[in-house]
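Bear in mind that the values in this text are calculations on the coordinates, not laboratory data. The structure presented is a predicted model; accordingly, all values stated were derived computationally and were not measured. Note that each Cβ is placed from the backbone with ideal geometry, even for glycine, and that neighbours are counted across all protein chains shown.
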Amino acid sequence: MATGSRSHLGLLLAPGAGADRDQPALVAIERAAAGQGVEVVRMDFPYRRAGRKAPDRPPVLLQAVLDEAAQLAPRCETLVLGGRSMGGRVCSLAVAEGLPAAGLLLVSYPLHPPGKPDKLRTQHFPDIAVPCLFVSGTKDAFGTPGELEAATSSIPGHVTHVWIEGGDHSLRRADQAVVEASMQWLGHLGLPGA
């Protein structure tokens, strides 16, 4: 991109807890979106950059998203945040706390820890006023379709659910379906050429 020019749409993608920025689904989304003129940044959290496996404390994760978004925002007119599992959740927390964004792209949102449906990660949902895409497997141990649809009804922004039939939390071998859902949804937000 030429100096001084701005991309119409910027997309910040954060990985899940057990992965880094090269998570296959994130790479696949970047490839497709970049081909449509979207400026995509796949970020790593500080613990991954330091070679550690255990995630940082929530304030550190949140600050990492805020810092990456602050670097990307001046280079685009519209900013969308998201990612896989924990990465998407941290992005949703950032937006709920006031980070300006046009939407949230959330792949395998970790609604609750496996086997602990009473430990919902939804307290911030009523503060999300932007459009949200949730792409999840129908066999995700972190939240069933019924649980996730019930929980997201508290989000004031428009919510779109795309279900990958038979998919678990990893959504292995479902990258193409994730990309198709993501690109279609981004098109509604003004993806160039959509």
Dipole magnitude of segment 7-188, debye to nearest 20 (Cβ charges: Lys/Arg +1, Asp/Glu -1, about Cα centre): 520
Based on the alpha carbon coordinates of segment 1-79, what radius of gyration and maximum Cα-Cα distance (Dmax) apply, in Å? 13.4, 39
Do any trypsin sites (Lys or Arg not before Pro) in segment 103-154 lie in a loop, going by DSSP, with at most 11 other beta-carbon atoms within 10 Å of their beta carbon, and if so which? K119
How far, in degrees from 0 to 90, does helix 175-188 lean away from the longest principal axis of the Cα atoms of the chain, to the nearest 10? 60
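What range in the chain is the longest one free of GluC sites (Glu not before Pro) that are in a loop by DSSP and have at most 15 other Cβ atoms within 10 angstrom? It would help to have the intermediate numbers written out before the result.
Working: sites that count: E97, E165.
It works out to 1-96.
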Loop sites in segment 46-98: trypsin sites (Lys or Arg not before Pro), DSSP, at most 12 other Cβ within 10 Å: R52, K53
Run the numbers for R31 and V60: contour at 0.36 nm per residue of separation, minus the present Cα-Cα distance, in nm. 7.6 nm
HN-Hα J in Hz across segment 10-26 - Karplus 6.51, -1.76, 1.60, θ = phi - 60°, x for Gly and Pro: x, 10, 9, 10, 10, x, x, 4, x, 9, 10, 4, 8, 3, x, 5, 5
Give the Rg (one decimal place) followed by the Dmax (whole number) of segment 62-194, computed from C-alpha coordinates and expressed in Å. 14.2, 43
Averaging sequence separations of C-alpha pairs under 8 Å and six or more residues apart, then dividing by the length of the chain, give the relative contact order as a whole percent. 21
Taking the Cα centroid of segment 1-70 and of segment 103-170, what is the distance between the two, rounded to the nearest whole Å? 20
Report, in deg cm²/dmol and to the nearest 500, the calculated mean residue ellipticity at 222 nm for the chain, where each DSSP H run with n ≥ 4 adds -39500 (n - 2.57) and the sum is divided by the residue count. -9500 deg cm²/dmol
Put a dot 7 Å past each Cα toward the Cβ at E77 and R172; how far apart are the dots in nm? 4.3
Dipole of segment 41-194, positive end: most advanced residue of H161, Q123, Q71 [Cβ charges, Cα centre]: Q71
Round to the nearest 10 and give me the degree value, 0 to 90, for the angle of helix 58-72's Cα axis relative to the longest principal axis of the chain. 30
